[in-house]
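One structure below.
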Amino acid sequence: MTTAADYTEKIPNNVSLHEDRRLQRALESWQPNFLSWWESMGPALPTRDVYLRTAVNVGRDGWAQFGFVPMRDYRWGIFLAEREPGRAIGFGEHKGEPAWDRVPGEYRSDLRRLIVVQGDTEPASVEQQRNLGATAPSLYDLRNLFQVNVEEGRHLWAMVYLLHAYFGRDGREEAEALLHRNSGSLESPRILGAFNEETPDWLSFYMFTYFTDRDGKYQLGTLKESAFDPLSRTCEFMLKEEAHHMMVGTTGIDRIVERTARLMTENDTDDVTGHGAIGLPVIQKYLNFHYSVSLDLFGGETSTNVANYYTAGLKGRWLEDRRRDDHKLTDDAFMVDTLTEDGDIGQTEVAALTGLNTDLRREYVADCQSGVNRWNKILADAGLPQRLRLPHVAFNRKVGAFAGIEASPAGERLSADDWEQRQGEWLPTDVDKTYVRSLMQPVHERGKIAAWIAPPRHGINGKPFDYDYVHLA
Ligand code: BYC
């Protein structure tokens, strides 16, 4: 296998697709369905072409090319990271055995489930972001939105390739179903909660790319450890693209906080609504919402599913090879968040294997905190005393140990009545959402930017901020 993509083929790939005519034909017959899904559910704003990155190689250097591409002609390809010769399974009961090139019969349905769940999130996010182009704060931001969208489309291709190549007829059926479920649909919604929420404005978009894409980073990190080598290699390459999505979220919120802080200090006020910006309390509420729905994406605090996935070698831990233990965990214990017998929010010790969702979530929480620290530094540097915070893990949860209770962002348990009365202090209200939406007026003029966000420090691929990143139709 070479690392470079073959762009002479209908479906660019580095998996020698031409050597397997049946698979090639099957994927070529899925391709028009993907394209019609993209036309009807992908970015709604008509464009002529967009300055986009396209993956061309999976090697360390020069893996992507930049250029103007009509989005419909984007070359969605199939790329697996280079094979690591002699790769051995790193954890679970098969630790030390050679990694698998095929799917072992006994793990077929679990592996398919993991791949389908992963695959389902990718088109879901494109659907959620479909209408954002109409209100982009600048051409730079518009281009980043489209970059994220086309790459999520490619990540769908990555999972569809695995389904077609390794799961026969049920794999092909699952690949079709990935295009039929839709975000927010009542009849056939997307599988995971956060992917049925709306992304109606750009504050939500940046929060989503910060918090929800970051779940993607951590889940892909665990699947990269998988004993099933094609899954491992595809996730490794997806993580490379994912870094840009993280950057979009992190710097997007940086820039909103920066703009708000500047207007607060210049005008000596906490209330920036009169200046067309987003006040810190509203930013905090959006943060609370997106963080808490993203915590739900890790599943329950304790889970037999995750224990089974780990033991079987299907899904590892974040940075598995840096952990200093036996990588089997059969005799280990782990503290997880729980509701105690008295109904208090506390912790309890469980078998380490069943606590692995909590283990991953903790890595994620620490990473989320680093963004909050960055935004607080922007506030501190502006001489402001206000700070943003991550809410408590029990706040606004719909999955896991705290799904049945209500808690404040500080982690105090609340009665249903208290929650009803006070949730508007912590989650975006209709008034907040209407205000944020009122700010979402498109700025599609080269070099210009909306009043509620600061310009970025750097453009894309060495280009300036005022580059014509998108040519509208
Ligand atoms: N909503 O044993 P449990 C990304 C289900 S994001 C609805 O507690 P488990 C991206 C669960 O499926 C990354 N249902 O947890 C980001 C199970 O159902 P079954 C996506 C939920 O199974 C931005 C039952 O509840 N990738 O890439 O250990 C843009 C009991 O579950 C939810 C993955 O998630 C929920 N929030 O963990 C674009 C990786 N949570 O099986 C892309 C693959 C749980 O009993 N998925 N349930 O019918 C997994 O590893 C696991 O399925 C989960 C759940 C982490 C999702």
Is the range 170-189 home to any residue that is surrounded by fewer than 23 Cβ atoms within 10 Å (Cβ to Cβ), closer than 22 Å to residue 147 by Cβ, modelled with pLDDT of 95 or more and more than 15 Å from the ligand (Cβ to nearest atom)?
yes
Return yes when residue 317 is out of contact with any Ser or Thr (no Cβ under 7 Å at 6 or more places or on another chain) and within 23 Å of residue 220 (Cα to Cα) and no when it is not.
no
Of residues in the range 294-322 being among the polar types (S, T, N, Q) and not in a loop (DSSP other than H, G, I, E, B), the one nearest to the ligand (Cβ to nearest atom)
305
Can you report the number of residues in the range 241-273 which are charged (D, E, K, R), in contact with a Leu (Cβ under 9 Å, 6 or more places away or on another chain) and part of a helix (DSSP H, G or I)?
1
Filter the range 392-437 for residues that are among the aromatic types (Phe, Trp, Tyr) and in contact (Cβ under 8 Å) with a residue 60 or more places away in the chain; which is farthest from the ligand (Cβ to nearest atom)?
435
Within the range 92-105, does at least one residue satisfy the condition of being closer than 17 Å to residue 220 by Cα, in contact with a strand residue (DSSP E or B) (Cβ under 8 Å, 6 or more places away or on another chain) and surrounded by 19 or more Cβ atoms within 10 Å (Cβ to Cβ)?
no
Odd one out for residue 215, checked against (1) within 8 Å of the ligand (Cβ to nearest atom); (2) crowded, with 24+ Cβ neighbours inside 10 Å
(2)
In the range 374-431, anything in a helix (DSSP H, G or I), hydrophobic (A, V, I, L, M, F, W, C) and over 21 Å from residue 250 (Cα atoms) is listed as 416, 419, 426, 431
Does residue 222 satisfy the criteria of being at pLDDT 95 or above, part of a helix (DSSP H, G or I) and surrounded by 21 or more Cβ atoms within 10 Å (Cβ to Cβ)?
yes
Residues of the range 113-135 satisfying the condition of being surrounded by fewer than 19 Cβ atoms within 10 Å (Cβ to Cβ) and within 16 Å of the ligand (Cβ to nearest atom):
113, 117, 130
Kindly establish whether residue 48 is in contact (Cβ under 8 Å) with a residue 24 or more places away in the chain and part of a strand (DSSP E or B).
yes
In this structure, is residue 328 modelled with pLDDT of 95 or more, over 26 Å from the mean Cα position of the chain (by Cα) and part of a loop (DSSP other than H, G, I, E, B)?
yes
Could you tell me whether the range 136-153 includes any residue that is exposed (fewer than 15 other Cβ atoms within 10 Å of the Cβ), more than 16 Å from the ligand (Cβ to nearest atom) and either part of a loop (DSSP other than H, G, I, E, B) or not charged (D, E, K, R) (or both)?
no
Residue within the range 338-351 that is in contact with a helix residue (DSSP H, G or I) (Cβ under 9 Å, 6 or more places away or on another chain), of a type in the set (A, V, I, L, M, F, W, C) and not in a strand (DSSP E or B) present:
no
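The values are calculated or read from the model by the stated rules, or taken from the named source; none is laboratory data. Predicted, not measured: the structure shown is a model, and the values here were computed from it. Cβ coordinates were reconstructed from backbone atoms using ideal geometry, including for glycine residues, and neighbour counts include every protein chain displayed.
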